[in-house]
Structures are given as C-alpha cells and as structure tokens.
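Here is the structure we will look at.
The values are calculated or read from the model by the stated rules, or taken from the named source; none is laboratory data. Please read all numbers here as calculations on a predicted model, not as lab measurements. Methodologically, a virtual Cβ is constructed for each residue, glycine included, from the backbone with ideal geometry; neighbour enumeration extends over all protein chains shown.
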Amino acid sequence: MSIHEQFAEDLALYALGALQGEERTTIEQHLAGCAACRQELEQLRGDTAYLALSASGPQPPQRSRQRLMAAIAKESRRVEVPKHAFVWWPVLQWIGAAAAAAVVALLLHQNSELKQRMSAMKTEFARQHIQLERANRVVASFTAPESQQITLVAAQAPPQPQGKAFYLRNQGSLVFLASNMPALPPQKAYELWIIPTSGAPIPAGVFKPNAHGGATVLNPPIPTGVEAKAFAITVEPEAGVDAPTSKPIMVGVAGE
C-alpha cells in the first residue's frame, strides 16, 4: 500500500472532524506537501456537504454518497481507549471519596457548632430568667397588696420629724416628702419655703400630716430657675401666707 493510499484511508475521518491528537497532526503535515491528498480532501468535504443537505435540501448525487461511504468503510479500525485512562480511574474514585468525606466532616462541624450555640442560648436564657424572677420579687415587695411595709425607729427615743425635698430649678419642679411630723393645732398647717441665695423666702405649698405624721407636697406653683440655698418649714394659718410669720421648725441646707 502506497503512502497516498495509507493517508487516503484517514482523509474521510479527517473530513468529518473525527481525527484527534497525533493522527490529526500527522495527516495535516502530509497534506501540507501532498497536492493529490489535498484534492481528495476537498472532494470528500464536498461530498460531506452534499450529505448534510440531504436532510432538508436537494437530493445529492448518488455517486457522492457512495464515494464517501466507501471511504468511511475502509476505516475499519477501532477507537481504542488509551490505557492511561484506566490509570486515572482509581484516582478519580479516591478524589470522590475524599470529597464526600470532606462534606461529611463539614456537616459534622456545623452540627457541633449549632449544638454549642443552642447550649449557650439555653444558658443565657436560664440566667436572664433568674434575673427576671429576682426583679419581679423586688417589684412585688413594693406593689403586692399583701406586702408588709415596716418602718424601723430607734427604741430609746421617739422618732424625729424628717423631710426630703427633690427640686429641679430649671423646670420649677418640686417633690417634698415628710415623716414623723407632729400633730398641728386647730386651723394651722405646715408651710414649706424655698430660701433662695438672694431675696425673701418663696412659699412652696402648705400641708397637714396624716395620722402617722406623713405628708407630701407635689409640684406646688413656684417660679422657674430659682437657685435654692435651703428649704424650711414653719407653722402658719391653714390658707398659707406669702411671708413667714413664725420661726422655722425644720431647715435643710442644699448640698448637705
């Protein structure tokens, strides 16, 4: 068999684009220097084009079909799978197993992290629940109807009158709480006074103690912005007066 006959057998596969690798390189090198094979290749490509048109276009010449099929029939060789392809199969199996193991390890790690987070959340919830119960107990001590409110006093002396003023001068807001105040004579009341840093005392409300000596004054009508040097209490007529008519029975200096 001549060299042209040898390559002629491969031309049909080359025309169909079925040659790859070294065989394709070899025939392309031969075609570069063989005009007869190049002409044969062009004829085979023309025959292939005719066959492609046979599905939807005009019927190609019968001789073209027969010529191409005869050329393909000469190619009786089997396409062999390179031996090295089977060498990679165990490697691919190992890679697949390693990937599966990595996925399982990742899922186990995520599951462990999720369990740790849930455990931490349970611990935090329990801690907050304990704090909430303690806060509820404190609130209940003040607000529950059955709560006992007991005041402790010195056992050797009667309790002394006391008063506490909460004053916001920039808002003209005043809350005064008194305890252990003695009972008053008829038609008399206690009157609270703001002693400013300069000027005359400013009346800050009148009050009478209850049976236990307690009393409260809430936001009496007073001017805004007065700087208080002290607070004082005098005994005055029930309606109150604009200026003290008696000596103070209680005095508290601001800042002490």
Tell me which residues, restricted to segment 239-256, are small (Gly, Ala, Ser) and part of a strand (DSSP E or B).
Gly252
Could you list, in sequence order, all residues of segment 230-241 that are touching a Ser or Thr at 6+ places or on another chain (Cβ under 9 Å) and either crowded, with 17+ Cβ neighbours inside 10 Å or within 22 Å of Ser179 (Cα to Cα) (or both)?
Thr234, Val235, Glu236, Pro237
What single numbered condition from (1) modelled with pLDDT under 85; (2) surrounded by 12 or more Cβ atoms within 10 Å (Cβ to Cβ) fails to hold for Thr26?
(1)
